[in-house]
Amino acid sequence: MTKNLRPRGADSDCDDTLRMLQEELAQTNREVMALTIELETRLEQLRAAEERYRRLAENAPDIIYRVELPGGRCTFMNPRVEQVLGYAPGEFYADPGLLGRLPQPDDRAALEAALCGESAGGTILMRWQHRNGSAVWIEQDQTVVRGAGGAAAAVECIARDVTERKSLEEQLRQSQKMEAVGRLAGGVAHDFNNLLTVISGYGAQAISAIDPASELYGELREINSAADRAAGLTRQLLAFSRRQVLQPQAFDLNSVVGDMDRMVRRLLGENIELRTVLAQDESWIYADRGQLEQVILNLVINARDAMPKGGVLVLETAHAELGVSDSQRLVLSAPPGRYVTLAVRDTGHGMDEATLTRIFEPFFTTKPKGQGTGLGLSMVYGIVKQSDGALGVRSEPGKGTAFEVFLPPARQQGERSSETAGTAKQTKGSETILVVEDESGVRKLMSAALRKAGYSLLEASNGEEALAVAEGHAGAIHLVISDVVMPGIGGAELAKRLAALRPELKMLFTSGYSETGLANLTGPETPFLQKPFTPATLAAKVREVLDRS
């Protein structure tokens, strides 16, 4: 029998070693398991973070995309691109050149430079083309992603649609331009009306003193006729610059359009069909009826001239609600709310975008020389703005033009401003009148005409001098005739101070224009005489004011 030569303690040592190895393996397994769990946890967190950022990118209000370099291949495009430009993200992956074709030709170089990694960052403004052909203004920020060695590996871009902002900016610029032109036009008309008052006034006096059979009589009539035509031009300039004195009243727009039907048909001729569509409900507005009739006539004439070979003209009244977003489509905006509308649509040759941006400028016209002053639409613009209304226009070459006027409704039917009484037959008198006028030629004409009519005259060249005359004159002063706009103390302030000195005084205002509207200065019932005027008109108005209770 063979004997076991291994020492007795050897089995014990092997068992201990085996147990140690088993314990180390178990510990290693536990550590591996913990690392595995930690790794899975971190992978899950990474997947969740990636999902969050993907959702943010896909739901962002801006276009977010990534272009790999070199080559310019688009590897990510969020769904917002379809809402802004009409293209699905997959189209950019399938067609690598699509992105480069989006900008309009003048803007492609800027995008190409950005997507080649040449631009380290910053913002660029471009016009991209929508799938339907319309232009979309895009403001883009881009970041170059660097790879190993600092080389450009990709470009990540955020592109936002700023078309609405650009439209509002353009409206603001247009409004500021029109306001500046309006101030210039109003100032010119004011000064010109002072000159016309002198020309018309002395011309009328000369005509009344000359035998009608004289050759000079006819020449003077021609001078006065030219002055009248010039006065018409200044009235149009004043309407554009919103410096006309309006006489608002409540009336039904339907009745005005209906009353003008026959006149409009005569203006249009036989080759243009007129269609009148009136709102079913009464359309009461609060405006100057005469001015509104001028708006309709100017729009009708503009439409007629756009259809030399005939066509269809539609006059339509309706009711509409203007919202906040509607201001984007209007040339002249107004506060949101309920409005009565007047639409004038034609089937004429239409206008391109460049023409549309200028049609309301004074003296701008597309008609041949001698066939228009270019003041018709500017007059429409001014009257509508001064009436607290809104104005829109749509037109395309070959597709006609549509003007839409929005006017505030009357608070109640029959609402009226106080109307001036008819011209009195008696024009002479013996009362004392103070004439306040800073233009010496106009002041001399008024004083001479009123003295001829029997009145006693006091004169002042400005408000300060008028106050001194009123304080120093011992007798009664029955009437003060004052220009509205004068250096220093204006007509409205003068009236307030004179009322404290002589409460019984009556006031008559004159002006080539009213800077903020006569009603805002002195009250809607204040007597007013628009320049230019003749001596006869002045004498009649003076008598009318003096005879008022």
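The values are calculated or read from the model by the stated rules, or taken from the named source; none is laboratory data. This structure is a prediction, so every number in the text was calculated from the model and none was measured. Note that each Cβ is placed from the backbone with ideal geometry, even for glycine, and that neighbours are counted across all protein chains shown.
Brief remarks on what is shown
- Test result for residue 313, part of a strand (DSSP E or B) and assigned by TED's automatic domain parsing to the domain that holds residue 376: yes
- Qualifying residue in region 103-114 (condition: acidic (Asp, Glu), within 22 Å of residue 164 (Cα to Cα) and either modelled with pLDDT of 95 or more or loosely packed, with under 12 Cβ neighbours inside 10 Å (or both)): yes
- Condition check for residue 287: surrounded by 15 or more Cβ atoms within 10 Å (Cβ to Cβ), out of contact with any Pro (no Cβ under 7 Å at 6 or more places or on another chain), at negative phi and in contact (Cβ under 8 Å) with a residue 40 or more places away in the chain: no
- Options 329, 304, 266: the member that is over 19 Å from residue 253 (Cβ atoms) and at pLDDT 90 or above: 304
- Entry remark, region 269-286: residues being in contact with a helix residue (DSSP H, G or I) (Cβ under 9 Å, 6 or more places away or on another chain), under 20 Å from residue 411 (Cα atoms) and modelled with pLDDT of 85 or more number 4 in total.
- Among the residues of region 316-336, those that are outside any helix (DSSP H, G or I) and of a type in the set (Val, Ile, Thr) comprise 317, 331.
- Unique match (being more than 13 Å from residue 69 (Cβ to Cβ) and either outside the structural domain of residue 66 (by TED's automatic domain parsing) or without any contact (Cβ under 8 Å) to a residue 60 or more places away in the chain (or both)) among 117, 90: 90
- Region 447-467 residues that are farther than 13 Å from residue 482 by Cβ, paired with ones that are buried (at least 16 other Cβ atoms within 10 Å of the Cβ) and among the charged types (D, E, K, R) (beta carbon under 7 Å, 6 or more apart): 447/459; 455/431
- Condition met for residue 127 (surrounded by 14 or more Cβ atoms within 10 Å (Cβ to Cβ) and over 25 Å from residue 55 (Cβ atoms)): yes
- The set of residues from region 256-294 being among the aliphatic types (A, V, I, L, M) and either farther than 26 Å from residue 309 by Cα or part of a strand (DSSP E or B) (or both) comprises 256, 272, 274, 277, 278, 279, 285, 287, 292.
- Residues considered: 156, 164, 139. Of these, the only one that is within 30 Å of residue 360 (Cβ to Cβ), acidic (Asp, Glu) and in contact (Cβ under 8 Å) with a residue 40 or more places away in the chain is 164.
- Scope region 49-87; condition in contact with a Cys (Cβ under 6 Å, 6 or more places away or on another chain) and not assigned by TED's automatic domain parsing to the domain that holds residue 137; matching residues: none
- Within region 295-310, the residues that satisfy the criterion of being without any contact (Cβ under 8 Å) to a residue 60 or more places away in the chain and either in contact with a strand residue (DSSP E or B) (Cβ under 9 Å, 6 or more places away or on another chain) or assigned to a strand (DSSP E or B) (or both) are 296, 300, 304, 307, 310.
- Among the residues examined, residue 477 qualifies as in contact with a strand residue (DSSP E or B) (Cβ under 9 Å, 6 or more places away or on another chain) and without any contact (Cβ under 8 Å) to a residue 60 or more places away in the chain.
- Residues being under 16 Å from residue 395 (Cα atoms), crowded, with 17+ Cβ neighbours inside 10 Å and out of contact with any His (no Cβ under 7 Å at 6 or more places or on another chain) - total across region 290-314: 10
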